[in-house]
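Please read the structure below before turning to the comments.
The values are calculated or read from the model by the stated rules, or taken from the named source; none is laboratory data. Since the model is a prediction, treat every value here as computed from it, not as a measurement. Cβ sites come from the backbone with ideal geometry, for glycine too, and all protein chains shown count toward neighbours. Remember, those area values only see protein heavy atoms, side chains included, never the ligands or the DNA or RNA. Shrake-Rupley method; radii C 1.70, N 1.55, O 1.52, S 1.80 Å.
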Amino acid sequence: MRTITTVREMQMIALRLKREGKSIGFVPTMGYLHEGHLSLLKAARKENDVTVLSIFVNPLQFGPKEDLATYPRDFDRDSKLAEQEGNDFIFYPSAEEMYPGTLSVTARVQDRTDVLCGKSRPGHFDGVAMVLTKLFNIVQPDKVYFGMKDAQQVAVVDGLVKDFNFAVEIVAVETVREADGLAKSSRNINLLPAERVEAPALNQSLKIAESMIFEGEKDPREIIVQIREHIEKNTTGHIDYVEILSYPDLKGLDRLEGTIIIAIAVKFTKARLIDNAIITINKES
Ligand code: AMP
């Protein structure tokens, strides 16, 4: 495995690999790897000749009051884990390497940003779209792997790829969880010990929602009430949002039908956690 820190070298390697007819599977991350990231890498390993993992804590996707400074980082550990998965290249640029000067052109996401994390993190998806546009041009991937834990990101990136005609296929991978149901996240390390005990309540609330739907509940408001109640009763966290929308277009619903996303975000002392469930509801049920 090789670690590449400059844009120029990464791009030259990628272009050479393409000329040789090799397919490139790409996993963009912010590092502090866990099994969620590794499941993306495993999928990329299986489906491509060469894999590239990027580790870059992208300042553009953090708001001024967010956790850019405290975002966990451990490159040596990440590098060992990636190597164990048989990864070929880590692209590990500095912020100065990626953003050497004032930007003269930026990406702006205008659809699907008025809900969920788009609403509570203004500018977040603009930063995501910007960095991915750069990374796609640098890494030249055939396939790019994203986790469904960030389902809104998958939907937004789908729009980016279609609108900008990137010749890349998006592969969405299921959320990997801890044994108690908590979605794996680099940010889980920033939970206080008592909060870590409470955090599975997020996934539990989604399970409650799923069984209500299974029992025939069609009113999203009823479900939202139950989710909020479960989280409020079982955690000290502050609910950022609980929303039920159509998926992948993320439109509001009066009545549950088709494919929907139930998405939640909860702020703890030093970590904001998200989770979601995507469910397809049969018309006749
Ligand atoms: P991050 O480093 O948090 O930006 O995540 C990098 C990629 O890993 C994104 O596509 C995430 O959706 C994905 N990811 C993060 N957590 C998980 C998880 N628990 N299961 C599957 N994929 C995940």
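Annotation note: Cβ proximity below 8 Å between a residue of segment 154-166 that is closer than 14 Å to Tyr247 by Cα and a residue that is part of a helix (DSSP H, G or I) (sequence gap 6+ or interchain) occurs for Val154/Met148; Val156/Gly118; Val156/Phe125; Val156/Val128; Val156/Ala129; Val157/Val128; Val157/Ala129; Val157/Leu132. Scanning segment 91-108 for residues that are open to solvent by less than 30 Å² (accessible area, probe 1.4 Å) and either modelled with pLDDT under 95 or within 15 Å of Gln11 (Cβ to Cβ) (or both) yields Phe91, Pro93, Met98.
For segment 34-54, the set of residues classified as within 11 Å of the ligand (Cβ to nearest atom) and under 21 Å from Met98 (Cα atoms) consists of Leu53, Ser54, listed by residue number.
Out of the residues in segment 163-179 meeting the condition of being part of a loop (DSSP other than H, G, I, E, B) and open to solvent by 70 Å² or more (accessible area, probe 1.4 Å), tell me which one is nearest to the ligand (Cβ to nearest atom).
In the first step, residues of segment 163-179 are kept if they are part of a loop (DSSP other than H, G, I, E, B); the result is 164-168, 174-176, 178-179.
Now drop any that are not open to solvent by 70 Å² or more (accessible area, probe 1.4 Å), which leaves 164-165, 167, 174, 179.
Working: Phe164: 18, Asn165: 21, Ala167: 20, Glu174: 7, Ala179: 13 Å.
Checking each candidate, the answer is Glu174.
Suppose the filter is modelled with pLDDT of 95 or more, open to solvent by less than 40 Å² (accessible area, probe 1.4 Å), over 30 Å from Gly31 (Cα atoms) and not in a strand (DSSP E or B); does Leu250 pass it? Judged against the criteria, Leu250 is not a match.
Any residue in segment 29-42 that is hydrophobic (A, V, I, L, M, F, W, C), at negative phi and open to solvent by 30 Å² or more (accessible area, probe 1.4 Å)? Explain how you work it out, then say what you get.
First pass over segment 29-42, keeping only residues hydrophobic (A, V, I, L, M, F, W, C): 30, 33, 38, 40-41.
This time we only want the ones that are at negative phi, so: 30, 33, 38, 40-41.
Narrowing the set further to residues that are open to solvent by 30 Å² or more (accessible area, probe 1.4 Å) leaves 30.
Checked against the condition, which is being hydrophobic (A, V, I, L, M, F, W, C), at negative phi and open to solvent by 30 Å² or more (accessible area, probe 1.4 Å), segment 29-42 yields at least one hit.
Can you name the residue in segment 196-211 that is assigned to a helix (DSSP H, G or I), within 16 Å of the ligand (Cβ to nearest atom) and within 17 Å of Thr269 (Cβ to Cβ) and, of all such residues, is nearest to the chain's Cα centre (by Cα)? Full working, then the answer.
Taking segment 196-211 and keeping what is assigned to a helix (DSSP H, G or I), we get 196-198, 201-211.
Right, trim to within 16 Å of the ligand (Cβ to nearest atom) and you get 196, 202-203, 206.
The next check asks that each one be within 17 Å of Thr269 (Cβ to Cβ); those that pass are 196, 202.
Details: Arg196: 20, Leu202: 17 Å.
The selected residue is Leu202.
If I filter segment 185-195 for residues that are surrounded by 14 or more Cβ atoms within 10 Å (Cβ to Cβ), within 20 Å of the chain's Cα centre (by Cα) and part of a loop (DSSP other than H, G, I, E, B), do I get at least one hit? Yes - at least one qualifying residue is present in segment 185-195.
Take the conditions (1) out of contact with any Gly (no Cβ under 8 Å at 6 or more places or on another chain); (2) part of a loop (DSSP other than H, G, I, E, B); (3) not acidic (Asp, Glu); Arg73 misses just one of them, which is (1). Considering only residues in segment 111-133 that are without any contact (Cβ under 8 Å) to a residue 60 or more places away in the chain and farther than 20 Å from Tyr241 by Cα, the one that is nearest to the ligand (Cβ to nearest atom) turns out to be Ala129. Residues in segment 123-144 that are closer than 21 Å to Phe62 by Cα and touching a strand residue (DSSP E or B) at 6+ places or on another chain (Cβ under 9 Å): 4 in all.
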